[in-house]
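Input: a single structure, listed below in structure tokens.
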Amino acid sequence: MKTRIPLILLVVMILTVACSLPSFGNKETSIPPTPTPDTGMQLYYGNGMQIMLPTSYVAEDIDSALPTIIATIKDFVGGESGPLSGLVDSIEGNIGWYGYDGGTAAVYPTRLIILRNKAFSKLPISMITLGLEQVLGNDSALVDSDSIKLGGRDITRLSYSKDSTAWVAYLFKEADYLWVALYLTTPANLAVEMEDFEFSVDSIQIDAVQGELKEVGLG
């Protein structure tokens, strides 16, 4: 199971650790969002992709916090020789977008992180969701899984809600990568913001250029 540990778990771990760091993510991207009329959304440019998000979203620079986050996660999963070590190392160059909803009325705001992973593109998404269920144990019954169509893509949507924590993840494959758009929020926000989440995922455009993610709007 070394290469089958679910990517979504790793993402949740990253954001859980990140939210506990007082200095994490206060730097906006160098390219401002592009206003668009009528929809209440803006076009945000990320790394190898673009997405429409509500105007209240703020893009952040994750690079400065990644070393601390990665070191913390590696300690948690067994250090440099742990089964997740290589996957953690590959995350730094595979973050498409990271930020939060500055208009969220909650103790902590809704956060969005979009990642891609080439190795996981070879695995059936059903295997990834099965790995997630194994890791969650008894809480796996709280994960809802649906197959939906957004942006002309076949999307697997996973959602979870318990106590003060909730998340919804959208998984799809494109350009030889597995893409994951993960919203980390609260149960109350999940209930009222799902329509915006799905509008945004529907709007995602992936750059057709193959190879490394382009350095656009991050840093």
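Laboratory data are not the source of any read-out in this text; all were calculated from the coordinates shown. In this text the structure is predicted, and so the values were computed from the model without any measurement. No Cβ is skipped: glycine too gets one built from the backbone with ideal geometry, and neighbour counts run over all protein chains shown.
Of the peptides 51-59, 160-168, the order by per-residue mean of other Cβ atoms within 10 Å, starting with the highest, comes out as 51-59, 160-168. Can you tell me, using C-alpha contacts under 8 Å and at least 6 residues apart, the relative contact order of the stretch 144-199 as a whole percent? Contact order relative to length: 25 percent.
Using a cut-off of 13 Å between beta-carbons, work out the net charge of the residues near ASP101 (Lys and Arg +1, Asp and Glu -1, ASP101 not included). Counting the neighbours of ASP101, the net charge comes to -2. Using the Cβ of GLY151 as centre and a radius below 12 Å, the other residues enclosed give a net charge of -2, where K and R count +1 and D and E count -1. What distance in nm separates the simple spin-label points at SER64 and LYS162, each placed 7 Å from Cα in the Cβ direction? A separation of 3.5 nm, rounded to one decimal place. Annotation: extensible slack from LEU43 through ILE148 equals 35.5 nm (criterion: 0.36 nm per residue apart, minus Cα-Cα distance). Full extension of the segment from ALA191 to LEU130, taken as 0.36 nm per residue of separation minus the current Cα-Cα distance, would add 19.5 nm. By the scheme Lys and Arg +1, Asp and Glu -1, what is the net charge of all other residues having a beta-carbon under 9 Å from that of GLU174? With Lys, Arg at +1 and Asp, Glu at -1, the neighbours total +2. A Förster radius of 25 Å, combined with the Cβ-Cβ distance separating SER121 from GLN205, puts the computed FRET efficiency at roughly 0.85.
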